[in-house]
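Quick notes on the structure that follows.
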Amino acid sequence: MDVLAEALRVSGARGALGVVLKAGGTWGLWLESSPAAALHVVSRGTAWLHVPGGRPLEVQAGDAVLLAPGTAHGIAGGSSTTMSPCDRKATDQALTDGSALHLGSTPARTEVLVLRYEQDPEVSTPVLTSLVRPMHVTSRENAQLRKTVELLTAELAQPQIGTTAAVNSIVDLLLIQFVRVWLARHPEEQPGSWLGAMRDPVVRDALACVHARPEDPWTTESLAAATAVSRTTLSRHFRSALGQTPGAYVTQWRMDLASVRLRDTDEPVESISGAVGYASPHAFSRAFRRARGMPPGEYRSRLRK
């Protein structure tokens, strides 16, 4: 079981190109909080990332930085540059016709690809939402990531038939590659985040079991046995990596799976309850009401109105 791929699939973390920034001279852009995660890739020149409460971060050509949904931040040509609010009219125009968003003066010396990743609002597993600070990967850390950035840049430079589909696929690939590099090279960062938990082999193996077979009657004891550790060890690792018990995570993941199936399929509640590990529809309905504040049938009806 590829835990990351499965979590991204269920959470609906799909990427899309926002805009291409081309900037020169003195420039700065402030971006208000958004429900989507942001991945900024500097394809040329240098930019500085500004996040409230943090020190400015230099992002050089070939670097990429990922920010959690809801993170207001600025991108600028310097570490102390004054930033202006986003020009909505110019941005909307760039989004509509695929043109670049120009900042500062000419000639443009910096180019930034602004990518966004939205997560299904019905899914509560915090794959991208629990990041406490920006994730930064430099150009020298991975040649494959650099090549993917070059591929995306080339596709945008010469649009042709299928460019939109190609760009969206590359944007999704970039997220996977970015996370791979970050997990391998930055072991000291992001404790307590879902992505950071992937570094803990005990938690990762337990999540692989839960994600592969959510219908199994998992308990802390059975998960500990499946991962060849003690119950105490498993619980300690879960609390340290995710801030919750194994049982709480199992319930959360099951409710996410059930929510998506209730919304997107016509499967009977009885069928869904068994598929996500509940012995009876009554037990499932009780658990679902606790998690979502309403019974499964009402939840399905509200989403389909």
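The charge dipole of the stretch 161-305, taken about its Cα centre with unit charges on the Cβ of Lys, Arg, Asp and Glu (plus for the first two, minus for the last two), comes to roughly 420 debye.
For V19, the residues 5 or more places off, or on other chains, whose built amide H falls under 5 Å of its own are V114. Its Kirkwood hydrodynamic radius, worked out from the mean inverse distance over all distinct Cα pairs, puts the stretch 192-271 at 13.2 Å. Placing +1 on the Cβ of every Lys and Arg and -1 on the Cβ of every Asp and Glu, with no other charges, gives the chain a dipole of roughly 480 debye about its Cα centre.
Once the 1.4 Å probe is applied to the protein heavy atoms, the stretch 65-124 comes out at 51 Å² accessible per residue. If you build a Gaussian network model of the chain, linking Cα atoms that sit under 10 Å apart, which residue out of Q160, Q177, Q144 swings the most? Result for the chain, Cα springs under 10 Å: Q160 fluctuates most.
The average projected area of the chain, computed from the convex hull of its Cα atoms over all directions, is 17.5 nm². In this structure the amide hydrogen of G25, modeled in the peptide plane, comes within under 5 Å of the amide hydrogens of S105, R109, none closer than 5 places in sequence on its chain. Quick check: at a probe of 1.4 Å, how many percent of the accessible area of the chain sits on carbon and sulfur atoms? That fraction is 52 percent. Given R0 = 51 Å, the distance between the Cβ atoms of R213 and T106 translates into a calculated FRET efficiency of 0.30.
Calculated on C-alpha atoms, the gyration radius of the stretch 167-305 divided by its Kirkwood radius gives an Rg/Rh of 1.03. For the charge dipole of the chain, defined by +1 on Lys and Arg C-beta atoms and -1 on Asp and Glu C-beta atoms about the Cα centroid, which residue among I170, F288, V114 has the Cα displaced farthest towards the positive pole? So the residue furthest toward the plus end is F288. DSSP assigns beta bridges within the chain; of those with both partners inside it, close to 85 percent run antiparallel.
Per residue, the stretch 205-287 exposes an accessible area of 44 Å² to a 1.4 Å probe, with every protein chain left in place.
Under a model in which nothing but the beta-carbon of Lys, Arg (+1) and Asp, Glu (-1) is charged, the stretch 1-123 shows a dipole of about 400 debye around its Cα centre.
Taking a straight line from the alpha carbon of K147, these aspartates and glutamates sit under 17 Å away, with near neighbours fewer than eight places off in the same chain left out: D63, E111, E155, D172. Averaging 1/r across all pairs of distinct Cα atoms in the stretch 128-173 and inverting the result yields a Kirkwood radius of 12.3 Å. Over the chain, dividing the summed -39,500 (n - 2.57) contributions of all DSSP H runs of at least 4 residues by the number of residues returns a 222 nm mean residue ellipticity of -14000 deg cm²/dmol. The stretch 111-174 and the stretch 264-300 have Cα centres spaced 35 Å apart. Rounded to whole numbers, the Karplus 3J(HN,Hα) couplings from phi for the stretch 74-79 are x, 10, 8, x, x, 7 Hz, using 6.51 cos²θ - 1.76 cosθ + 1.60 with θ = phi - 60°, and x at Gly and Pro.
Taken as Cα centroids, the stretch 238-259 and the stretch 1-75 sit 27 Å apart, rounded to the nearest whole angstrom.
The values are calculated or read from the model by the stated rules, or taken from the named source; none is laboratory data. Predicted, not measured: the structure shown is a model, and the values here were computed from it. Note: ideal-geometry Cβ built from the backbone for every residue, glycine included; neighbour counts use all protein chains shown. Heavy atoms of the whole protein, side chains included, go into the accessibility calculation; ligands, DNA and RNA do not. Shrake-Rupley method; radii C 1.70, N 1.55, O 1.52, S 1.80 Å.
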